[in-house]
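Reviewing the structure listed below.
The values are calculated or read from the model by the stated rules, or taken from the named source; none is laboratory data. Here the structure is a predicted model, which means the values were calculated and not measured. A quick note on method: Cβ atoms are made from the backbone with ideal geometry, for glycine too, and the neighbour counts reach across all protein chains shown.
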Ligand code: CA
């Protein structure tokens, strides 16, 4: 799952990027508001972590512009402890949640999962499709109740498909959702992950729509 991190403090930014990376997220990190707007216009992020005090363009301005453009990506604002008024302004400007620095990385990851879950229209924390169950919090998958070992990318790919049952995602769309900037994407990486998922979940689990892309098979 791909996230945009907007944070100008190098220590905090690095901590969040590395911490969420270990939780299986692909994190693109920008350090000012103008770069955030460019990234938001170009990539399909699952969620955005937005600092408010930013060079070149403030976080609130980025937030208002995104909502004015009908961008409904979940946005979590990260603010300083004493900035109550900023948090209120952020929520009223269209932010979905906020966290006060310094925060616990596990809590941040849990809040991101909750935002994504709501954006996907789920109340239940796990995703189910037929006999397949995915738990984003533990990154565990089961098939008919039995554990299935998936790599981080295989899990992310399956999550992308299961979050939108019936929707066909092209190879390019899947790559965009799985890989952040600067990550090496092999030319047939998606095909390899699909092959491995079919081997582990059954050949019919993922359907190939010729010339279009992939979709989770009907239940
Ligand atoms: Ca800042």
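Search region 75-101 for residues being more than 12 Å from the ligand (Cβ to nearest atom) and surrounded by 22 or more Cβ atoms within 10 Å (Cβ to Cβ), and hand back the single one that is nearest to the chain's Cα centre (by Cα).
Here is the first cut: in region 75-101, the residues more than 12 Å from the ligand (Cβ to nearest atom) are 75-76, 81-82, 84-85, 87-100.
Add one more test, that the residue is surrounded by 22 or more Cβ atoms within 10 Å (Cβ to Cβ), and what stays is 75, 90, 95.
Details: 75: 11, 90: 21, 95: 16 Å.
Per the stated criteria, the residue is 75.
Closer than 20 Å to residue 4 by Cβ, modelled with pLDDT of 95 or more and outside the structural domain of residue 22 (by TED's automatic domain parsing): does that describe residue 169?
On the way: closer than 20 Å to residue 4 by Cβ: yes; modelled with pLDDT of 95 or more: yes; outside the structural domain of residue 22 (by TED's automatic domain parsing): yes.
Yes, satisfied.
Is it true that some residue in region 20-27 is more than 16 Å from the ligand (Cβ to nearest atom), in a helix (DSSP H, G or I), without any contact (Cβ under 8 Å) to a residue 60 or more places away in the chain and buried (at least 19 other Cβ atoms within 10 Å of the Cβ)?
Filtering region 20-27 down to residues more than 16 Å from the ligand (Cβ to nearest atom) leaves 20-27.
Cutting the leftovers down to in a helix (DSSP H, G or I) gives us 20-22.
Subset that is without any contact (Cβ under 8 Å) to a residue 60 or more places away in the chain: 21-22.
Filter again for buried (at least 19 other Cβ atoms within 10 Å of the Cβ), leaving none.
No, because not a single residue in region 20-27 is more than 16 Å from the ligand (Cβ to nearest atom), in a helix (DSSP H, G or I), without any contact (Cβ under 8 Å) to a residue 60 or more places away in the chain and buried (at least 19 other Cβ atoms within 10 Å of the Cβ).
Considering region 28-71 alone, what residues qualify as being within 16 Å of the ligand (Cβ to nearest atom), assigned to a helix (DSSP H, G or I) and either surrounded by fewer than 17 Cβ atoms within 10 Å (Cβ to Cβ) or within 15 Å of the chain's Cα centre (by Cα) (or both)?
Answer for region 28-71, where residues must be within 16 Å of the ligand (Cβ to nearest atom), assigned to a helix (DSSP H, G or I) and either surrounded by fewer than 17 Cβ atoms within 10 Å (Cβ to Cβ) or within 15 Å of the chain's Cα centre (by Cα) (or both): just 34.
Just need a number here: residues in region 129-144 that are touching a residue at least 12 places away in the same chain (Cβ under 8 Å) and surrounded by fewer than 17 Cβ atoms within 10 Å (Cβ to Cβ).
Residues meeting the conditions: 5.
Would you be able to say whether some residue in region 138-161 is at pLDDT below 90 and either assigned to a helix (DSSP H, G or I) or at negative phi (or both)? Reasoning before the result, please.
We begin by selecting, within region 138-161, every residue at pLDDT below 90; these are none.
Within region 138-161, not a single residue is at pLDDT below 90 and either assigned to a helix (DSSP H, G or I) or at negative phi (or both).
Can you pull out the residues in region 105-130 that are assigned to a loop (DSSP other than H, G, I, E, B) and modelled with pLDDT of 95 or more?
The first filter runs over region 105-130 and keeps only residues assigned to a loop (DSSP other than H, G, I, E, B), leaving 120-126, 130.
Answer for region 105-130, where residues must be assigned to a loop (DSSP other than H, G, I, E, B) and modelled with pLDDT of 95 or more: just 126.
Report whether or not residue 116 is in contact (Cβ under 8 Å) with a residue 24 or more places away in the chain and in contact with a strand residue (DSSP E or B) (Cβ under 7 Å, 6 or more places away or on another chain).
Working: in contact (Cβ under 8 Å) with a residue 24 or more places away in the chain: yes; in contact with a strand residue (DSSP E or B) (Cβ under 7 Å, 6 or more places away or on another chain): yes.
Answer is yes for this residue.
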